[in-house]
Amino acid sequence: MPPSCCASLSQYTHHHAAVFLLTFFSYVLLHASRKTFSNVKVSISAQWTPSIINDSSPSFSPGETWQDNRLFEDEKQATLFLGVLDSIFLFSYAVGLYLSGVIGDRVNLRYVLCFGLCGSAAVEFVFGTVTEWLHIYNIYLYVGLWVLNGLLQSAVWPCVVAVMGNWFGKAGRGFVFGLWSACASVGNILGAFLASSVLKYGYEYAFLVTSVVQFAGGVVVFFGLLTSPKETGLSPVETDTDSHKPLMSDEEDEMVVETYTRRGQSVEQPVEPPAASPQAIGFFQAFCLPGVLPYSLAYACLKLVNYSFFFWLPFYLSNNYKWKEAQADRLSVWYDVGGIIGGTVQGLISDFMGKRAPVLVVSLMLAIGALVGYSRSPDDQVINGVLLATTGFFIGGPSNMISSAISADLGRQEALRGSKEALATVTGIVDGTGSIGAAAGQYLVSLIESKLGWMSVFYFFIVMVRSFP
């Protein structure tokens, strides 16, 4: 590692490790619960539609055969409603991100984070478990609960990124955040495991397990998380005086070594408390910060592609290659594996270069080739898995970097030096804009696939990825 990275890593304490793990597993548990809903859609759809009646059975009047839990006439309508719930969740999640980022810069991050984790766990418990146990089936209730779930879940990401930004300075941030941003992919894998392990007892138990684990995680965060080094008497992370440079220019970072040398010496000196708490920046002021708007729009395109793989990949594998659902689920994990490796490796490279944008541009240019190659994958699971991991490396990696390391860079740039806090607000803006793109993308993917086929969907993905450079 370059001297700047080594100087930064040498200052990390057990407090830094605890913060890394607590914030990491906070979002792991949140994404695990989100993945659970995707994994039990078949069971929910079957529960909400009438049982198939044998042709030889006598005919009954609708009043005799209909039951309260049969919300839809057939599985197609139930599946369509589940897709509507996905879009509703993503739109409410996007709106909540704009709000929760602003709140996170004004209220103790630990309180907001715990409220989001525990509140979301309670809503998911009611949605998937209580309604089934009490046989309460109502479309409007499901919609209302899922809107509330999106708003509550939106409180988590801006807070965990802000806490990480408070503890980890810019030097080494690409590697640290690249490794840390694997939390979403790890959550997907954990959610699939938890859901499949109890699904045989009923889909309500999948919601029960994930919601209980998530609620317990929220309690641990409330009592164990330190949101800032100031709470332990350590020196706070200084404002990044050149955070905009890796994003918007090619100037070298010549002062990082000197900055961290001074910072390392200051740890040994007593820390004087600040005269006043930093003033939180306004929403529109944060939007106008250098780099925020272009990276928000770029992330909207990139998250559209990333979440399309998240929602549609198992269906595509089963539909296009006629593989069994269990095989498709297992194979789809390789996209997340590629994203984990990609985020870590590309973050480390950006630390060596002292720049983020060139790494992103190269990765996304290579992602175009990966998408073309994957769209022409043969009917072989090994080859498909390798191409899928490669695609995840070049798409999931940049997506993780923008949502974490670059958001932290943008929220601690020179324009904010010494007076204002904007880390959670900027993170909310970037991820909120990305979620709007992801929500719109789910409808566009289904529309393009039904009208033009899967190959046109991949061309659409290429256009979205190419929009970044």
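The values are calculated or read from the model by the stated rules, or taken from the named source; none is laboratory data. Predicted model only: the values in this text are computed from it and were never measured. In this analysis, Cβ positions are derived from the backbone assuming ideal geometry, glycine residues included, and neighbour counts consider all displayed protein chains. Side chains included, ligands, DNA and RNA excluded: accessible areas come from the protein's heavy atoms. Shrake-Rupley method; radii C 1.70, N 1.55, O 1.52, S 1.80 Å.
Quick notes on this one:
- Net lengthening on full extension, Val212/Ser197 (0.36 nm per residue, minus Cα-Cα): 3.9 nm
- The range 126-211 - convex hull of alpha carbons, volume per residue in Å³: 100
- For Thr13, nonlocal amide neighbours, meaning residues 5 or more places apart or on other chains whose placed amide H falls under 5 Å from its own, do not occur.
- The range 322-373 shape via C-alpha gyration tensor axes, a/c threshold 1.5: oblate
- Among 35-47, 427-439, 132-144, sorting by the average number of other beta carbon atoms lying within 10 angstrom of each residue, highest first, gives 427-439, 35-47, 132-144.
- Peptides ranked, highest mean first, by Cβ atoms within 10 Å: ranges 73-86, 14-27, 304-317: 304-317, 14-27, 73-86
- For the range 375-404 and the range 78-143, distance of Cα centres in Å: 29
- Fully extended contour minus Cα-Cα distance, from Lys76 to Met455, at 0.36 nm per residue: 134.1 nm
- Note on Ser467 and Trp133: with the Förster distance fixed at 56 Å, the Cβ-Cβ geometry gives a FRET efficiency of about 0.75.
- The range 106-169, accessible surface, carbon-and-sulfur percent (1.4 angstrom probe): 74
- Accessible area of the range 134-198 divided out per residue, in Å², using a probe of 1.4 angstrom: 29
- Approximate shape of the range 79-130 as ellipsoid semi-axes (Cα gyration tensor, √5λ), whole Å, largest first: 25, 16, 4
- With the convex hull drawn around the C-alpha atoms of the range 183-234, the volume per residue stands at 78 Å³.
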